[in-house]
């Protein structure tokens, strides 16, 4: 039962950091919701996995550290997986539902446009193979890295495009093909709450 509380507690701890910084007058923070579409596949040695569409839904908490630097922890649910078609064999499907904790470091090149990258931890909440439960075949935790581009607009809308590179094999006890997640993601977010007044101004007048 402790596993169910681990990720939310981590997210709460991360949110407390920007709130403390704001209390010292050092940063601007906020809370937003996001959703996105993604193109997912498993990359494996010698196995022809194919990509499938997936999606993400969750919340994020950006806070400004300096004029060009923002840190953004997120807590999202992600539906992903892959298909497998081997000649003279029945098609196979793999679907997973993860709770993910990405932490994006965002460097602003203008007041809106930014480059972003960071680590991502995830917990597998459910998994299916050919429509049947397969959670016992999937590693419960995984880690990876992501990078991408973003547009954070003054209206509160945020756009981002990312590529995720999973670093740990997905399957338990698989020492041959070692499938890992590879995901292209496009997301749309909206910051519903703002605190502080600093903006991503690169030139002060």
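The values are calculated or read from the model by the stated rules, or taken from the named source; none is laboratory data. Not measured: the values here are computed from a predicted model. Counting neighbours? That spans all protein chains shown, and the Cβs are built from the backbone with ideal geometry, glycine included.
When region 118-154 is filtered for residues that are farther than 17 Å from residue 181 by Cα, surrounded by fewer than 18 Cβ atoms within 10 Å (Cβ to Cβ) and touching a strand residue (DSSP E or B) at 6+ places or on another chain (Cβ under 6 Å), the ones remaining, listed by number, are 130, 149, 151. Taking residue 94 and the conditions (1) assigned to a strand (DSSP E or B); (2) over 21 Å from residue 82 (Cβ atoms); (3) modelled with pLDDT under 95, which numbered condition does it fall short on, given that it satisfies the others? Condition not satisfied by residue 94: (2). Being in a strand (DSSP E or B) and free of Cβ contacts under 8 Å to residues at least 40 places away in the same chain is not true of residue 103.
Within region 176-190, one or more residues are more than 30 Å from residue 83 (Cβ to Cβ) and either touching a strand residue (DSSP E or B) at 6+ places or on another chain (Cβ under 8 Å) or modelled with pLDDT of 95 or more (or both). Consider residue 73 carefully, then state whether it is part of a strand (DSSP E or B), touching a strand residue (DSSP E or B) at 6+ places or on another chain (Cβ under 6 Å) and either modelled with pLDDT under 90 or closer than 17 Å to residue 104 by Cβ (or both). It is true that residue 73 is part of a strand (DSSP E or B), touching a strand residue (DSSP E or B) at 6+ places or on another chain (Cβ under 6 Å) and either modelled with pLDDT under 90 or closer than 17 Å to residue 104 by Cβ (or both). For residue 64, indicate whether it is over 24 Å from residue 168 (Cβ atoms) and either crowded, with 17+ Cβ neighbours inside 10 Å or at pLDDT 95 or above (or both). It is true that residue 64 is over 24 Å from residue 168 (Cβ atoms) and either crowded, with 17+ Cβ neighbours inside 10 Å or at pLDDT 95 or above (or both). Against the condition part of a strand (DSSP E or B), closer than 30 Å to residue 44 by Cα, touching a residue at least 40 places away in the same chain (Cβ under 8 Å) and under 15 Å from the mean Cα position of the chain (by Cα), how does residue 80 come out, does it pass? Yes.
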